[in-house]
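Worksheet: one structure, shown below.
Computed from the coordinates by the stated procedures, all read-outs in this text should not be read as laboratory data. Since this is a predicted model, take the numbers as computed values, not measurements. All Cβ positions, glycine included, derive from the backbone under ideal geometry; neighbour counts span all protein chains shown.
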Amino acid sequence: MNIRHPHQLRRRAVGAYVATALTLGGLLVGFFRIQVLLGEEHRLKAASNRVRTLPVPAPRGTVYDREGRILADNVPGYQVTILPGPTEEVRATLERMAEHMELSPERIERVLETLQAYGREVVVESDTPFDEVAALEERRADFPGVYIEMRPRRRYALGDAAGHITGYVGEITGEELGSEAFPDSLYEAGMIVGKIGIERQYESLLQGRPGIRHVEFDARGRIVGDFGGAEARAPEPGTDLHLNLDLELQRWVHEIFPDSMSGAVVALDPADGGVLALYSAPGYDPNLFVGGIDDEVWAALSADERKPLYDRAVLGLYAPASTWKLAAAGIALDLGVVTPDEEMPEPCTGSMFYGNRSWGCWDREGHGYNNLAEAIGNSCDVYFYQLGLRVGLSNLLTRANEIGFSQQCGVDLPQESQGVFPDRPEWYRENFGEAYRYGPTEGEALNLAIGQGPNSQTPLKMAQFYVALARDGSAPPPTIARAASGASGWELHLEPEHIDALQHGLRMVTAPGGTAHFGTALEFWDVIGKTGTGQNPLSVRNLAEDHAWFAGMAGPPGERPEIVVVSLIEYGRSGGQVAAPIVAKTADFYLRRKYNIPVDTVQTFREHIMTGPIPRWYRERFPDSDFGRTGAEEAAPNVSGRGGGG
Amino acid sequence: MIRVFERWSLDTQLVLGILALSLFGVSMIYSAGQVHVPNAVTQEAWVRQALWFGLALVAFSVLSRVPLRWIEGAAYPSYAVSLALLLLTLAIGEGRGTAAGVRSWLSLGPLSFQPAEVAKLATILALAQLLAPRESGLHSLRDLVKPALVVAVPLMLVMLQPDLGTAVAFVGILFAMLYWAATPVWLLGLVASPVLGLFLSYDTTVWSVYILLVVGGLILLRFRLSLFESVAVVLANFATATISGPLWNSLAEYQRNRILVFLDPEVDPRGAGYQVIQSRVAIGSGGFGGQGFTAGPQKRLDFLPEQHTDFIFAVVGEEFGFVGTALAVLAFGFVLTRLVRMASHLGETQAFAGLVLLGIFGAWMVHVFVNVGMTIGVVPITGIPLPFVSYGGTFLLMSWVAVAIAVRVAHERP
């Protein structure tokens, strides 16, 4: 057989044609199936390949103070997000990123865990500094699956002057996600939520609702642009919040508070209980927490012995000492067991005898016979011992609890300490044990009446009580946000002449000759108030000074008080010397601004005479003062003609 | 141009078909460079490809005038040289781009090329030289030993690089040329059976049925093959089935993954299965009419792997749809059948030419089937380019050299 005969060649050629046709025909069948029969399915796959649905963070509501000044708002920030992928590849990407940004190994592990748990994009850093963004952008190709987008960054205008009030925001934790406060329908991983302070209290209001965006990505996770094929949803911005707080006053308190001291200042508007200033020293800058606080900064803050993170104004519990005498007096007046003009039968001789022991007055010289106002002016312990006995322990406990001295004020903050005060006689046995198995004696009433004994209060609580004294005996709950309501106030049933008597007593403290006169005398305003010297665990052992209190109120002469201020200085020793000037300066700043009088840094009489001559207004305001007059040895407490107040 | 070809009396239709494919290739490489984030290298690949195309045309016009006897005379020497080059490649070869781990490139100053491409052509010439003098077909296994060795030596050297795709092309060359040398199809089938058995041995039942078919076939063909040869075929089948396990274990992990994801790409959609999944998605989303030239999103957004080289056909599928893929496959079908048609019209003295044409046919057939097939997952992924379309200068040049030789040997009657 001739294998090269044309017939043979043609026959073999046909075989080759058939083989070619079968092979290429098979391919064509494959293409027909994938492109024509399954084309739509593959188009969808291609779309889901490159289009991802991403949340668009909603801008958080702005927080304004009472004048509409911004306390917390948003500025443009950058967020770095990574898309899910093979774990080892993502880990390698994150490790490369760590060379250009702050990214701890722990954070990398957490991101990987979240990626595996949720199988969707995870925020690597919710607030990336611009230099890191620039470094990452420059090397985009090295970071597959990573994209950077704008996201509002929280900014706190007052910084550490108001950190305790505003609080701060941070990324939601797994624990928070699991809690009822953050319902699954509204919250998901990666969202920024309020952690503490107003931010936490009004989280649901401020948060808003994240939008949805369909974004086209390339294979390396780079954003190409928005994908028009599906409906996007714009984020709903959070609701703005208006506070009763006075931003300038808060800043002023921060400025005048002694840097070396710890303590708290609370300023309330007696008209409605609105919080004008709420300050705890030392403070912290909430801006440090935005976008995650540095580990070192956090370590320093939490290890600081002065406890800057601790909000002394609403969490700190201190023995209220003499500032509480007004509470005892208010209860006694309400019960009708004393009248304002009545003097106690036993004169103060520096001490008095009750039960089987002697009860001392702080002033061993004694105060003689005192009526109520004089007893307050002198802070006479002996008067208040007798007042306590008249009220009786049982009544004292009941009424003090009605006022809420063993409860919270109900201020609109996520955390507040409850006052410590016995709620009934059994309290003693439950808390102090078998020494009280026969119940407390009436002698406890003596202790409580002068603000000693098992009685610890927050500065905020004392401020709320003084609001009642500045009004008509009723006290609305302190509120930071305007129109916030929830907690109910309480009422002491006091006649106007009772209020007059109590305010008269407070006036004696700040009148010429009073213990707090020099530090509180102001050109334009009447300041009245009560000092307190609170014992603390260190001071009873003579290891430190007592805590210094001053609870006061101020207003134009002859008018009702328009601001109530309480200051507490830890280990400040003297209420009159240290705490009272802060109250006076705070009130002066607020009232001057309210009445459009230029603010001066030299405010109190003491500041004036330390920097210059006796100002003329002092003679006009206090004609009875003997200060600076030849031969005058003592300033007599005289307040006649000064207006009785409300 | 056509007039020029006519003066040379060359096969105009073949050359025109391949010219069209080459121009199509340059434009597809241009499209492959049009991506969302431009990359200077891939963006200008089409320019380099066009320059190489020009060079290839020069080489073509020169080589298509070389006398046939020169080509015949060069067959064995070029075969020897290419074996030497393959050995040299194993010693000092380099990787390139995505095939960085493979020693398949040789550098000559600024130029670099793959000796395997030269070896394919040289092997075709050598095998043609070996088979051309035969007056009768190859009817026994013994007849096949020599031709098989001629192909097996370069094939093994290429496998050692390792470059599996090109190695398969050598198999295509061998079978196509043996077929044209009048080897019966059943004999080729028996030769191929141990390899087929190797793949079927993953399932004992399937393999058992298969081996019964082989033995049954041998019994039917008992008068064509000696008993010794029949036993050898069966033993070879058992041998490959036996070594399949150890062979599987000796594969590198990436090689095993390629086979596993060929069976089911979804076992590793972001790893080994990624390329074929993305390629299928791209081709499928082209639908009937395609997304339009340069407009394919899968390609633009970087989802397509190797889009200007091995997976260029996925760009064709995404941008021109089924219309485009069908036309491209038919164009290759035209070129391939044209080679066969040329071979079938040769005179009785042109045995060498016919074998060369079929050798080229076999090589290109494997390239087209394996490259196009892997883009839709009907063939495991092997790094093998699509002739005239994939980016690659020396490959384009050598392919045009093959065209020159094809038209020359077909034209000249000794």
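Figures for the structure shown
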read-out: Separation between Cα centres of segment A:97-173 and segment B:146-201, rounded to whole Å; value: 58
read-out: Average other protein chain Cβ within 10 Å of Cβ, residues B:288-295; value: 1
read-out: Tail beyond 19 Å, pair distance distribution of segment A:53-242 (Cα, percent); value: 61
read-out: Alpha-carbon centroids, segment A:536-575 and segment A:236-299: separation in whole Å; value: 19
read-out: Helix axis angle, A:459-470 relative to chain A longest principal axis, alpha carbon, degrees; value: 50
read-out: Over chain B: helical MRE at 222 nm, DSSP H runs n ≥ 4 each giving -39500 (n - 2.57), nearest 500; value: -23500 deg cm²/dmol
read-out: Segment A:389-464 and segment A:586-623: distance between their alpha carbon centers, rounded to Å; value: 38
read-out: Gained length - B:Leu220 relative to B:Gln43, 0.36 nm times residue gap less alpha-carbon distance; value: 57.8 nm
read-out: Translational diffusion of segment A:439-499, µm² s⁻¹ [Kirkwood Rh, Cα pairs; Stokes-Einstein; 4 °C; 1.567 mPa s]; value: 94
read-out: Within chain A, helix-based [θ] at 222 nm, where runs of 4 or more DSSP H residues each add -39,500 (n - 2.57), nearest 500; value: -10000 deg cm²/dmol
read-out: Net lengthening on full extension, A:Arg120/A:Arg364 (0.36 nm per residue, minus Cα-Cα); value: 80.4 nm
read-out: Number of partner chain Cβ atoms within 10 Å, mean per residue of B:208-215; value: 0
read-out: Partner lysines for A:Lys45 [C-alpha distance under 19 Å; skip if fewer than 8 residues away on the same chain]; value: B:Lys299
read-out: Chymotrypsin sites (Phe, Trp or Tyr not before Pro) within segment A:411-460, DSSP loop, no more than 12 other Cβ atoms inside 10 Å; value: A:Tyr438
read-out: Dipole magnitude of the protein assembly as shown about its Cα centre (Cβ charges: Lys, Arg +1; Asp, Glu -1), debye to nearest 20; value: 7560
read-out: Stokes-Einstein D in µm²/s, Kirkwood radius over Cα pairs - segment A:37-90 at 20 °C with 1.002 mPa s viscosity; value: 134
read-out: Estimated dipole of segment A:53-242 in Debye, rounded to 20 [Cβ of Lys and Arg +1, of Asp and Glu -1, Cα centre]; value: 400
read-out: Rough spin-label spacing in nm, given labels placed 7 Å along Cα→Cβ, for B:Leu213 and B:Leu160; value: 3.6
read-out: Radius of gyration and maximum dimension Dmax of segment B:218-274, Cα, Å; value: 18.1, 54
read-out: Peptide B:314-326 - average C-beta neighbours from other chains (10 Å radius); value: 3
read-out: Separation of the A:Gln535 and A:Arg437 label points, Cα + 7 Å toward Cβ, nm; value: 2.6
read-out: Calculated P(r) tail over 15 Å for segment A:212-299, as whole % of Cα pairs; value: 76
read-out: Under 18 Å from the A:His5 label point (7 Å along Cα→beta-carbon), backbone N, segment B:320-350; value: B:344-350
read-out: Protection proxy ranking of A:160-168, B:103-111, A:111-119, A:496-504 - average other beta-carbon atoms within 10 Å, highest first; value: A:160-168, A:496-504, A:111-119, B:103-111
read-out: Equivalent ellipsoid, segment A:422-471 (semi-axes from 5 times Cα gyration tensor eigenvalues, Å); value: 27, 11, 8
read-out: Relative exposure of A:Ile563, A:Ile597, judged by other C-beta atoms within 10 Å (fewest first); value: A:Ile597, A:Ile563
read-out: Using alpha-carbon coordinates, inclination of helix A:6-31 to the longest axis of chain A, degrees; value: 20
read-out: Sorted largest first, extent of segment B:2-411 alpha carbons per principal axis (Å); value: 64, 57, 44
read-out: When the protein assembly as shown is reduced to its Cα atoms, the Kirkwood hydrodynamic radius in Å; value: 37.0
read-out: Selection from B:Val81, A:Asn244, B:Gln255, by position along the positive dipole direction of the protein assembly as shown (Cβ); value: B:Val81
read-out: Least to most buried among A:Met150, A:Met352 (fewest other Cβ within 10 Å first); value: A:Met150, A:Met352
read-out: Extension gain, B:His345 back to B:Leu149 (0.36 nm per residue minus Cα-Cα distance, nm); value: 67.6 nm
read-out: Residue among A:Leu22, A:Thr93, B:Ser279 farthest towards the positive dipole end of the protein assembly as shown, charges placed on Cβ; value: A:Leu22
read-out: Likely footprinting exposure, B:Leu260, B:Leu304, B:Leu63, fewest C-beta neighbours within 10 Å first; value: B:Leu260, B:Leu63, B:Leu304
read-out: Distance cut-off 20 Å, percentage of C-alpha pairs in segment A:249-400 lying past it; value: 65
read-out: Pairwise FRET efficiency - A:Glu113 versus A:Ala134, Cβ, R0 = 30 Å, nearest 0.05; value: 0.55
